[in-house]
Amino acid sequence: MKLTYFGHSACLVETGHYKLLIDPFLKDNPLCDVDPKDVKCDYILLTHGHMDHVGDTVEIAQRNDAVVIANFELASWLEKQGLAKVHPLHIGGGASFPFGRAQLTIAFHGSSIPGEDGLPIYMGQPGGVLITSMGKTLYHAGDTALTLEFELLARRHPIDLALLPIGDNFTMGIDDALAALDMLKPKHVVPIHYNTFPYIEVDPRLFAEGARQKDIEPHVLACGDTVEI
Ligand code: NI
Ligand code: MN
């Protein structure tokens, strides 16, 4: 399983013959120099409805004829945007796909998009995604607070690679993300959702140092960097 980071919470997971894109916020992402037109994928997985996660989903899904996996409300909204291939899931539910299994996990956050009148439209409960493929388990936490739910997740699924938000303000900050590691106990961790905007500026090296002290291998990635597990 190979992960390529695109900045913020966006990444591409290559497993077997399949390319899975998660939270493809590319065009308006100041940390990303990848053009959505150049991205190839078979599936797009979304953690929640905020635009810094949905990003360029519609455009990329249409060009690639990709299946979009998202919570029911968000999947229904994407269908209305013209996407023919969506697979709705909801929190705690998973399904088998040709690449393996994808499950939506609990996250504590919000999930909405701005409507035409400027008021938010509800986009279902936010989640994380747990992907099991080719004998490896990847956990993308989405946007979330620190929660004891991590303990239950790790008890049921040994995690090879976790992607955790560390930017504070909207999600866990570094201290809480380090506490999350004590529960999740992944082999590898990639910090996400930081330094994209002024609200979420932190020093990822502090997180990496803390992770190393817990014998968890941190990977602080720039756009285009990869990790193989
Ligand atoms: Ni969010
Ligand atoms: Mn976000």
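Being of a type outside the set (Lys, Arg) and open to solvent by less than 10 Å² (accessible area, probe 1.4 Å): is that true of residue 109 here? For residue 109, the condition - of a type outside the set (Lys, Arg) and open to solvent by less than 10 Å² (accessible area, probe 1.4 Å) - is not met. For residue 67, indicate whether it is touching a His at 6+ places or on another chain (Cβ under 7 Å) and within 22 Å of residue 134 (Cβ to Cβ). For residue 67, the condition - touching a His at 6+ places or on another chain (Cβ under 7 Å) and within 22 Å of residue 134 (Cβ to Cβ) - is met. Taken together, the residues in region 147-178 that are within 15 Å of ligand 2 (Cβ to nearest atom), in contact with a helix residue (DSSP H, G or I) (Cβ under 6 Å, 6 or more places away or on another chain) and open to solvent by 20 Å² or more (accessible area, probe 1.4 Å) amount to 1. Being among the aliphatic types (A, V, I, L, M) and closer than 30 Å to residue 19 by Cβ holds for only one residue in 164, 148, and it is 164.
Taken together, the residues in region 126-165 that are more than 27 Å from residue 195 (Cβ to Cβ) and within 14 Å of ligand 1 (Cβ to nearest atom) amount to 0.
In summary, strands (runs of 3 or more DSSP E) completely within region 109-159 and bearing 1 or more residues that are at pLDDT 95 or above and touching a Ser or Thr at 6+ places or on another chain (Cβ under 9 Å) occur at 120-122, 127-133, 136-140. Right, residue 103: closer than 20 Å to residue 53 by Cα, in a loop (DSSP other than H, G, I, E, B) and under 16 Å from the mean Cα position of the chain (by Cα) or not? No: the conditions fail for residue 103. Quick one: in region 18-35, which of the residues that are open to solvent by 10 Å² or more (accessible area, probe 1.4 Å) and not in a loop (DSSP other than H, G, I, E, B) is nearest to ligand 2 (Cβ to nearest atom)? Checked region 18-35; the qualifying residue nearest to ligand 2 (Cβ to nearest atom) is 19.
Within region 160-179, residues that are farther than 30 Å from residue 135 by Cβ and free of Cβ contacts under 8 Å to residues at least 12 places away in the same chain reach no partner that is among the charged types (D, E, K, R) and within 16 Å of ligand 2 (Cβ to nearest atom) with beta carbons closer than 8 Å at six or more positions or on different chains. Considered as a group, the residues in region 36-75 that are part of a helix (DSSP H, G or I) and within 15 Å of ligand 1 (Cβ to nearest atom) include one that is surrounded by the fewest Cβ atoms within 10 Å (Cβ to Cβ), and that residue is 51.
Contact list please: Cβ distance under 8 Å, first residue in region 126-146 and under 13 Å from residue 163 (Cβ atoms) and open to solvent by 10 Å² or more (accessible area, probe 1.4 Å), second residue more than 12 Å from ligand 1 (Cβ to nearest atom) and part of a strand (DSSP E or B), pairs at least six apart or on different chains. As it stands, the answer is 137/130; 137/131; 137/161, since those pairs meet every condition given. Within region 76-87, the residues that satisfy the criterion of being in a helix (DSSP H, G or I) and surrounded by fewer than 19 Cβ atoms within 10 Å (Cβ to Cβ) are 76, 79, 80. For region 179-224, a tally of residues being of a type outside the set (A, V, I, L, M), surrounded by 18 or more Cβ atoms within 10 Å (Cβ to Cβ) and in contact with a Ser or Thr (Cβ under 8 Å, 6 or more places away or on another chain) returns 1.
The values are calculated or read from the model by the stated rules, or taken from the named source; none is laboratory data. Computed from a predicted structure; not experimentally measured. So basically every Cβ, Gly included, is an ideal-geometry build from the backbone, and we count neighbours across all protein chains shown. These accessible areas exclude ligands, DNA and RNA; they are computed on the full protein's heavy atoms, side chains included. Shrake-Rupley method; radii C 1.70, N 1.55, O 1.52, S 1.80 Å.
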